[in-house]
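Below you'll find the structure, written out as structure tokens, and then a few comments.
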């Protein structure tokens with residue numbers, strides 16, 4: 001074989017190897033990043049979408065699909081997300097999904113900001129009117145300011161993406177909402193898609209403007225890569241769920257209630273932590289102060305049940321206040337982006353029933369203890385603390401004061417009438433009603449039982465006479 005033949009054979013071999021190495025990459029085709037996005041719009045979601053879009057651009061993805069299902073959320077977070085979509089380095093496809101999902105309030109702004117907007121059958125979009133915290137219209141100059149700002153913002157987004165400006169404005173001025181079919185017919189969104197495959201097929205070959213430059217989407221045979229929230233983001237985002245926030249708040253006051261009755265630090269710290277997490281979630285939700293006050297009143301009534309002989313009336317009142325407060329814990333949205341949420345009825349019923357059962361048990365125990373004490377009277381009380389129990393004086397006995405014994409503080413009196421100072425160990429001689437009769441606990445002499453010391457004189461031991 002001549003030099004030329006050997007050179008051609010080597011070239012063919014190298015081309016074959018290169019072809020084998022390049023074949024998987026060529027077969028893979030374009031990549032598309034899928035960002036599942038659901039729940040309340042908050043800072044966690046804004047950061048997740050910002051990082052996800054940036055990561056997709058760095059990995060060379062052909063497009064990003066944001067699968068959206070939200071009732072709304074923070075206006076500040078909404079503005080950040082809209083900015084992320086408008087300035088994205090690659091096409092952003094917002095897909096309202098799954099069926100039964102929605103893009104309400106903040107979701108309307110987010111959907112309109114996508115380069116391509118699609119909706120699954122059975123979804124809806126809209127209802128972005130600014131109202132007060134109790135659902136009332138915002139009157140006066142403040143109302144005009146909020147309304148005009150929201151109208152200007154959604155108008156700019158709709159014009160930038162070539163969508164129906166009149167419909168977009170109506171979602172703010174008139175709280176208009178449309179299902180998928182109507183939204184497509186009015187030009188609010190670009191089309192419908194029930195699956196990811198339909199989303200890719202719809203976007204194939206479309207030309208969109210990315211940072212002012214036209215980009216034609218080529219998604220044939222695209223590989224979809226899902227970018228989920230990391231565990232820390234998922235946990236923080238979970239706190240903004242209205243049901244989770246309510247349950248955490250309930251567990252928090254349970255913990256503090258147990259801590260008041262049986263101090264142990266564990267339930268107190270756990271309850272405080274649950275309350276802190278609950279209020280983190282409340283920060284992203286339209287919290288109704290009236291509902292929070294009703295739940296607080298319920299807690300006060302439950303605490304009083306331990307000390308006041310109401311025979312369960314305080315518990316009944318507390319349960320009513322708790323149920324009403326849970327139902328009214330979240331108010332109507334106060335901004336165009338805020339969510340319209342509430343605690344799910346099954347959650348309200350379940351938690352209220354658990355609270356009622358716990359308090360019924362408490363009432364049963366308290367009433368039984370009081371009846372037993374009343375039946376036994378002073379004679380029954382005399383058997384509470386055993387004779388010869390040891391305690392310590394807490395308040396000087398002159399001759400009456402108090403003694404700490406058996407984990408409790410008791411009224412006490414000196415047996416011989418002589419004063420006994422604070423901090424003196426005492427022994428219980430007897431009990432008269434709820435008053436302990438005590439005497440100082442005298443320690444044994446230090447030299448008791450010892451032989452007298454010996455004295456040596458010249459090697460002879462001399463023992464002192466006894």
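The values are calculated or read from the model by the stated rules, or taken from the named source; none is laboratory data. All values derive from a computational prediction rather than experimental measurement. Don't worry about glycine lacking a Cβ; one is built from the backbone with ideal geometry, like all the others, and counts go over all protein chains shown.
Structure above, values below:
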read-out	value
Region 265-302: number of residues that are surrounded by fewer than 17 Cβ atoms within 10 Å (Cβ to Cβ) and outside any helix (DSSP H, G or I)	2
Residue satisfying all of: in region 158-179; part of a helix (DSSP H, G or I) and under 32 Å from the mean Cα position of the chain (by Cα); modelled with the highest pLDDT among these	171
Residue in region 80-96 that is without any contact (Cβ under 8 Å) to a residue 12 or more places away in the chain and surrounded by fewer than 24 Cβ atoms within 10 Å (Cβ to Cβ) present	yes
Any hit, region 245-264, residues being in contact (Cβ under 8 Å) with a residue 24 or more places away in the chain and assigned to a loop (DSSP other than H, G, I, E, B)	no
Candidates 214, 242, 231, filtered to the one that is surrounded by 13 or more Cβ atoms within 10 Å (Cβ to Cβ) and either touching a strand residue (DSSP E or B) at 6+ places or on another chain (Cβ under 8 Å) or without any contact (Cβ under 8 Å) to a residue 12 or more places away in the chain (or both)	242
Residue in region 55-65 that is at pLDDT 50 or above, within 30 Å of residue 243 (Cβ to Cβ) and within 28 Å of the chain's Cα centre (by Cα) present	yes
Qualifying positions in region 390-409 - at pLDDT below 80 and assigned to a strand (DSSP E or B)	408
Number of the condition not met by residue 109 [criteria: (1) in contact with a strand residue (DSSP E or B) (Cβ under 6 Å, 6 or more places away or on another chain); (2) within 22 Å of residue 160 (Cβ to Cβ)]	(1)
Hits in region 303-318 - residues which are closer than 16 Å to residue 257 by Cα and assigned to a helix (DSSP H, G or I)	303, 304, 314, 315, 318
Criterion violated by residue 115 - all others in (1) more than 31 Å from the chain's Cα centre (by Cα); (2) modelled with pLDDT under 95 satisfied	(2)
Which listed residue is in contact (Cβ under 8 Å) with a residue 12 or more places away in the chain and assigned to a helix (DSSP H, G or I), from 224, 199, 208	199
Any hit, region 381-389, residues being within 30 Å of residue 285 (Cβ to Cβ) and either at pLDDT below 80 or outside any loop (DSSP other than H, G, I, E, B) (or both)	no
